[in-house]
Amino acid sequence: MIVNSKSINKETKKNLYIVSTPIGNMSDISLRAIETLKKSDYILCEDTRVSKNLLNKYQIKSHLISNHKFNEKKNLIKIIKLIKEGYIISLISDAGTPSISDPGTILVNECIKNNIEIIPLPGPSATISAVSISGFSEKFFFYGFFPEKQKLLEEDLEVLSKIDCSIVFFTSPRKVNKIIPYIKKNFSGRKILICREMTKFYEEYIRSEVDKLELFNNNLKGELTIVISENINQKKELQILNESDKRLISKMINKLSIKEITDLINQNKKISKKIIYEYCLKIKNEK
């Protein structure tokens, strides 16, 4: 397939650019991100002091506008006006992809209302990086930061425990020990990966079974990305027909079609239709 290069290398124009920046190692930035940031008239960033470290490294001289969760609503009118006047605006966060557990969603929605095109520049993501090395299911649910209120935390984790895929959380080192008891209560039987200081000098990857997880006795540093595996035990159970199911199939095999039996067993039990169907065929052929 031939791709029209003009559609990829658009001339930088009045849009909002969502630019991903390194999650730790400053070398993890794309050439396109550097080029776009250099061409930007204004760069919106969470903490100008943090962003300046990256921007200075790549000699990016664009004007900075502080844009964090406490002032992003207040900034909306000013930023939309700048874009409409033809200025090039980029949005970055302290690390990773903006608007994913970081400021940005409010501005994106305002741009949509004003028919302003939003261009994403893909790049580093703590979520994808963690899932890629977890060894768990590639199907995952991203939750983000744990809620502060205990009641909401308990309610959400109870719901999430019923989802059979990998689940990704963010938390800070000072809160992780408070969270561990809730993880053990709701995700027993699963595996866990805790990623600390990803891509940085002291990066660490802690692998464990949830039931064997212990509290940390040292002062951790750096934001943590936690990946909990799919429900491994449940998957094993779904591959097995118990003896009562087999006896029931034997009684019904001459009275109902294989499809009817499969649907009936599958409706009452969380067993793979393929397993039920293949067993029905086996019984049918034996008779």
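Looking at Pro120, Pro103, Pro98 in this structure, which one is in a strand (DSSP E or B), at negative phi and not assigned by TED's automatic domain parsing to the domain that holds Lys191?
On the way: Pro103 fails: in a strand (DSSP E or B); Pro98 fails: in a strand (DSSP E or B).
Residue meeting the stated conditions: Pro120.
Given the condition surrounded by 16 or more Cβ atoms within 10 Å (Cβ to Cβ) and either small (Gly, Ala, Ser) or without any contact (Cβ under 8 Å) to a residue 24 or more places away in the chain (or both), answer yes or no: does some residue in the stretch 211-222 qualify?
yes
Anything in the stretch 187-228 that is farther than 23 Å from Ser101 by Cα, outside any loop (DSSP other than H, G, I, E, B) and touching a helix residue (DSSP H, G or I) at 6+ places or on another chain (Cβ under 8 Å)? List them, or say none.
Scanning the stretch 187-228 gives Lys191, Val210, Asp211.
Go through (1) farther than 30 Å from Ala130 by Cβ; (2) at pLDDT 95 or above one by one and return the number of the condition Leu256 breaks.
(2)
Does Val131 satisfy the criteria of being among the aliphatic types (A, V, I, L, M), part of a strand (DSSP E or B) and either surrounded by 13 or more Cβ atoms within 10 Å (Cβ to Cβ) or in the same structural domain as Asn75 (by TED's automatic domain parsing) (or both)? Steps first, answer last, please.
Values: among the aliphatic types (A, V, I, L, M): yes; part of a strand (DSSP E or B): no; either surrounded by 13 or more Cβ atoms within 10 Å (Cβ to Cβ) or in the same structural domain as Asn75 (by TED's automatic domain parsing) (or both): yes.
So Val131 fails the test.
What residue, of Ile249, Ile240, Ile226, Ile232, is at negative phi, surrounded by 13 or more Cβ atoms within 10 Å (Cβ to Cβ) and at pLDDT below 90? Quick ask: steps written out before the conclusion?
On the way: Ile249 fails: at pLDDT below 90; Ile240 fails: surrounded by 13 or more Cβ atoms within 10 Å (Cβ to Cβ); Ile226 fails: at pLDDT below 90.
Of Ile249, Ile240, Ile226, Ile232, the one residue that is at negative phi, surrounded by 13 or more Cβ atoms within 10 Å (Cβ to Cβ) and at pLDDT below 90 is Ile232.
For (1) in the same structural domain as Phe136 (by TED's automatic domain parsing); (2) closer than 30 Å to Glu154 by Cα; (3) free of Cβ contacts under 8 Å to residues at least 40 places away in the same chain, each residue gets a yes or a no:
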site	(1), (2), (3)
Val176	yes, yes, no
Asn186	yes, yes, yes
Tyr205	yes, yes, no
Val227	yes, yes, no
Ser244	no, no, yes
Arg247	no, no, yes
Tyr279	no, no, yes
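Against the conditions (1) surrounded by 18 or more Cβ atoms within 10 Å (Cβ to Cβ); (2) at pLDDT below 95, where does Gly189 fall short? Just the number, please.
It fails just one condition, (1).
Can you find, within the stretch 134-161, the residue that is surrounded by the fewest Cβ atoms within 10 Å (Cβ to Cβ) among those that are assigned to a helix (DSSP H, G or I) and of a type in the set (D, E, K, R)?
Lys151
Suppose we filter Ile65, Ile77, Ile83 for residues that are without any contact (Cβ under 8 Å) to a residue 12 or more places away in the chain and either more than 18 Å from Ile116 (Cα to Cα) or assigned to a helix (DSSP H, G or I) (or both); which single one remains? Quick ask: steps written out before the conclusion?
On the way: Ile65 fails: without any contact (Cβ under 8 Å) to a residue 12 or more places away in the chain; Ile83 fails: without any contact (Cβ under 8 Å) to a residue 12 or more places away in the chain.
Of Ile65, Ile77, Ile83, the one residue that is without any contact (Cβ under 8 Å) to a residue 12 or more places away in the chain and either more than 18 Å from Ile116 (Cα to Cα) or assigned to a helix (DSSP H, G or I) (or both) is Ile77.
The values are calculated or read from the model by the stated rules, or taken from the named source; none is laboratory data. Note that this is a predicted model, so its numbers are computed, not measured. Heads up, the Cβs are rebuilt from the backbone with ideal geometry, glycines too, and the neighbour counts pull from every protein chain shown.
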